[in-house]
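Step one of this worksheet: look at the structure below.
Values quoted throughout were computed directly from the atomic coordinates according to the rules given, and no laboratory measurement underlies them. All values derive from a computational prediction rather than experimental measurement. Every residue, glycine as well, gets a Cβ built from its backbone with ideal geometry; the counts of neighbours run over all protein chains shown.
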Amino acid sequence: MIGLTFQSGEHRRFSETLAFTLNNPIRRFLDRPEQLISKLNVGSADTAVDFGCGTGFFTIPLASVAGRTIAIDVSSKMLCSIASYAKRHGLAIELLKSDGTEIGLQGESVDLILLVHVLHEVENGPRVLDGFLRIMKPAGRLVIVEKTRGSRILSGRLGPPIVNELEIIREIEKVGFSFSQTLPFGKDSILVCQKTGAKP
């Protein structure tokens, strides 16, 4: 996994047997994914990638505002779930199975790459981030959402682990992204990054 330390010890990868917890009415009521997406200024001309999309909790509201939406996940089961979810909402979402080490998208074709509670689970982090740089347009944005505050006792057991924001910034800057800003969002931080040298 990418070089992040957790405040509550080692973190295990999310099990797809718990997929039902990712997208249900209770979570939609409590978390309101549209609120997060509204902070990202995604437009109808944008191509957006939801990396580690799971069952599509954030992909659906993202696809509602983006011109083209691509959902990427390592799990076929997750991608099948999001396909059904998208069909119910009448949205066209492209599905791509990948762990991020090989992303079959054209270079400089993506405006936004979104990772929500995913970066801490990414294996071979530098290679994955290099792939993001390749497919991202010069003015594109990498948006990383991770839990940076909250109970250390429950962290990693009921939800994602708490990670250090400065460690995330250090990891993404190593491969050629520049940190732009942090947007607070509950117990999460939304880190907005760009290619080094790109104009904000």
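Highest mean first, what order results for 49-58, 76-85 on Cβ atoms within 10 Å?
Details: 49-58: 26.0, 76-85: 16.6.
Most protected by this proxy first, the peptides run 49-58, 76-85.
Around Glu102, under 15 Å between beta carbons, what's the net of Lys plus Arg minus Asp minus Glu among the other residues? Show your work: numbers first, answer last.
Values: positive: Lys97, Arg127, Arg134; negative: Asp73, Asp99, Glu123, Asp130.
With Lys, Arg at +1 and Asp, Glu at -1, the net is -1.
Each Cα pair under 8 Å and six or more residues apart adds its separation to the average, and for the stretch 44-195 the resulting relative contact order is 19 percent.
Among Lys97/Lys137; Lys39/Lys137; Lys97/Lys187; Lys39/Lys187; Lys147/Lys174; Lys77/Lys137, which pairs are too far apart, with a Cα-Cα distance over 24 Å? Don't jump to the answer; show the numbers that get you there.
On the way: Lys97/Lys137 21 Å; Lys39/Lys137 20 Å; Lys97/Lys187 29 Å; Lys39/Lys187 16 Å; Lys147/Lys174 21 Å; Lys77/Lys137 30 Å.
Among Lys97/Lys137; Lys39/Lys137; Lys97/Lys187; Lys39/Lys187; Lys147/Lys174; Lys77/Lys137, the Cα-Cα distance tops 24 Å for Lys97/Lys187; Lys77/Lys137.
Give, rounded to the nearest 20 debye, the magnitude of the charge dipole that the stretch 44-195 has about its Cα centre when Lys and Arg contribute +1 at Cβ and Asp and Glu contribute -1 at Cβ. It would help to have the intermediate numbers written out before the result.
Details: 17 positive and 17 negative charges, 72 e Å.
Charge dipole, the stretch 44-195, about its Cα centre: 340 debye, nearest 20.
Quick check: net charge around Val192, other residues with Cβ under 11 Å of its Cβ, Lys/Arg +1 and Asp/Glu -1? Result for the local shell: +2. In this structure, the amide hydrogen of Leu95, modeled 1.01 Å from its nitrogen in the peptide plane, lies closer than 5 angstrom to those of Ala71, counting only residues at least 5 positions away or on a different chain.
With K and R counted +1 and D and E -1, the other residues having a Cβ less than 10 Å from that of Val118 yield a net charge of -4.
Max-minus-min Cα coordinates of the stretch 44-195 on each principal axis give 39, 34, 27 Å, with the largest extent listed first.
Fully extending the segment from Glu108 to Ser38, taken as 0.36 nm per residue of separation minus the present Cα-Cα distance, adds 22.8 nm.
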